[in-house]
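What follows is a short report on a single structure.
Values in this text are rule-based calculations from the coordinates and carry no lab data. Note that the structure is a prediction, hence the values are computed from the model and not measured. Positions of Cβ are backbone-derived with ideal geometry, glycine not excepted, and every protein chain shown enters the neighbour counts.
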Amino acid sequence: MTRNRRIGVLFLWLVCGAVVGSLLGELLGLILPEGVVRQFFLAAASIGFGPATVDLAVISITVGFRLTINVVGVLGILFAAYYFRWFR
């Protein structure tokens, strides 16, 4: 497997781990009762930039990006990296 392809597959695994982990974290937040544990699982960090618009006379383009990840999402990333390292 070429190096570029391996890096691409690793990135895909990490993104999938983040998505699945964040989804599981949100589901745990719905199931758990109010308290410190629920707040821990729902705590999230958000990075990115808001919508930016380029208005040309003929076309208007709006782009933006925001990545929000919670604690279980980070665990999902770590699990995906571990899986990729030892089982691929």
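For L32 and L75, a Förster radius of 22 Å and the Cβ-Cβ distance give a FRET efficiency of 0.90, rounded to the nearest 0.05. Among the listed options (1) 17, 38, 22, 12, 7, 3, 0; (2) 14, 28, 21, 18, 11, 5, 2, 0; (3) 16, 31, 26, 19, 7, 1, the one matching P(r) over Cα pairs in 10 Å bins from 0, in percent as calculated from these coordinates is (3).
Among 39-50, 57-68, 75-86, how do they line up from the highest to the lowest mean number of other beta-carbon atoms within 10 Å? Don't skip to the end; give the middle numbers.
Details: 39-50: 11.8, 57-68: 9.0, 75-86: 14.9.
Descending mean neighbour count gives 75-86, 39-50, 57-68.
Rounded to the nearest 0.05, what FRET efficiency do L24 and F49 have when you use their Cβ-Cβ distance and R0 = 25 Å? My answer for the efficiency is 0.40.
Using a simple spin-label model with points 7 Å from Cα along the Cα→Cβ vector, what separation in nm is obtained for L12 and V63? The two pseudo-label positions are separated by 2.4 nm.
Taking Cα pairs under 8 Å and at least six residues apart, what relative contact order does the chain come out at, in percent?
Details: 108 pairs, mean separation 35.1, N = 88.
Answer for the chain is 40 percent.
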